[in-house]
1. Taking only C-alpha pairs under 8 Å that are 6+ residues apart, what is the relative contact order of chain B in percent?
2. Could you check the simple spin-label distance between residue B:80 and residue A:37, using points 7 Å along Cα→Cβ, in nm with one decimal?
3. Could you give the length gained by full extension between residue B:162 and residue B:65, i.e. 0.36 nm per residue of separation minus their alpha carbon distance, to one decimal place?
4. Evaluate the distance, in nm, between pseudo-label points positioned 7 Å from the Cα of residue B:128 and of residue B:211 along their respective Cα→Cβ axes.
5. Tell me whether the stretch A:27-234 comes out rounded, prolate or oblate; compute the Cα gyration tensor, take square roots of the eigenvalues as a ≥ b ≥ c, and use a/c under 1.5 as the rounded threshold.
6. Only counting other Cβ atoms within 10 Å, I'd like A:67, B:271 sorted with the fewest neighbours first.
7. Among DSSP beta bridges whose residues both lie in the stretch A:27-234, state the antiparallel percentage, nearest 5.
8. Residue B:98 versus residue B:139, label points 7 Å from Cα toward the beta carbon: distance in nm?
């Protein structure tokens, strides 16, 4: 009887926690902006003439995306995430989608969680051979002819993984496999926002494919917003 | 037919007659096949694409000579075979077999001499076509273009304003950043103006000195209109020189099976007038 009561109290406490977590904006928010200083490398146009079905999808040639910038020295495609302080989370049910379109990876940087389903689709009229290059996860490469079903896979360890196509050397993307759902990717203005962080001490890390990573610690004691900005040093070469 | 054959099986004379008819039929078929095979070659049904190089005519002549020599030998041998099959197909059983004087030894020796002469003649005639491309040096003012073959694309490099190719560092290869050759512009000043392209563009009527290397496995550089087909061999720096004589857009294909994407390994060769080429090179330099 006593044990039963204990279970009930425990369940009630869990339910209360669940309500707190899901009851909108509880916990703090860490937001900020990622910028660069210096001169970033010039992005080069990509000549796809050997693959006419892709080349004709781009009225003007697309450029490389190793450094994508926005107005006001904003740095895009930076993965900002909680690298320490937050508990590991189970994978969400929805799949992370990665597309090959016009012989380009869309998005260029795809962030998803450990064990989350990854769906890779080929929207092109040509075959691709997708080849992610992990160091701690298992490496594979798979051919994907036009019109074939999406390739479904997942990664069981956190890692930043460069992705290439074995048929089209210019194709290049990145997977960010993360331990929890507190992440954002900067886009346009370089801004990010990580919401719903319960009180605690966190390490916020910003990762960029060319400039590496930077971390800052932040302590959240209630619902207050915190600002964390990252500045990367850009190099022309 | 089979029933007729079975019914007359016991008659040696009929059997021999039947064999004779078969032999003559075979001789006729042989002549028909030989002439039908020779017809499209003799009447030039298979036309080579237009030759746009200064050395190509020598290659074409060599091909024509080879085809003529091989063709005469082929037609001659087949007709001779048909003649013998026809002539000796209906000999009666028991007739004596006769040999050409000299026996097998003389025949083998004759074959060696005939084939040897043919191979030697092709070699002597062909040495000019070969030597013009491989045993001569390019002129000092030839335009140097580097070609790199890798799974599954060609990339080309032009020395920039400094006229020098920067050294290559394989560890610096970064395809996502279009650094296919492994240049190190951060440390090599010479690398900063090197021009890397996916299409090969050259000026018309100017000698090109093509420097070739493979990034991974064996590949081949084949341009039909240039009459050039040269393998890339991993670990070897090979070179070629040629002059294109006609402007236009041509295809460069890999003709050495190099892996999964081999079917898709190609690039384009653009032959432009000198002024257009200079403009193209300037535009590409601005993109680097």
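Throughout, read-outs are computed from the coordinates displayed, never taken from laboratory work. Predicted, not measured: the structure shown is a model, and the values here were computed from it. Every residue, glycine as well, gets a Cβ built from its backbone with ideal geometry; the counts of neighbours run over all protein chains shown.
1. In percent, rounded to a whole number, it is 19.
2. Taking the simple label geometry, residue B:80 and residue A:37 are separated by 8.9 nm.
3. 30.4 nm
4. Placing both labels 7 Å along Cα→Cβ, they lie 3.3 nm apart.
5. On the way: a/c = 2.46, a/b = 1.47, b/c = 1.68.
Oblate shape, in that a/c is at least 1.5 and b/c is the bigger or equal ratio.
6. Ordered from fewest to most neighbouring Cβ atoms within 10 Å, A:67, B:271 come out as A:67, B:271.
7. Expressed as a percentage, antiparallel bridges in the stretch A:27-234 total about 70.
8. The two pseudo-label positions are separated by 6.6 nm.
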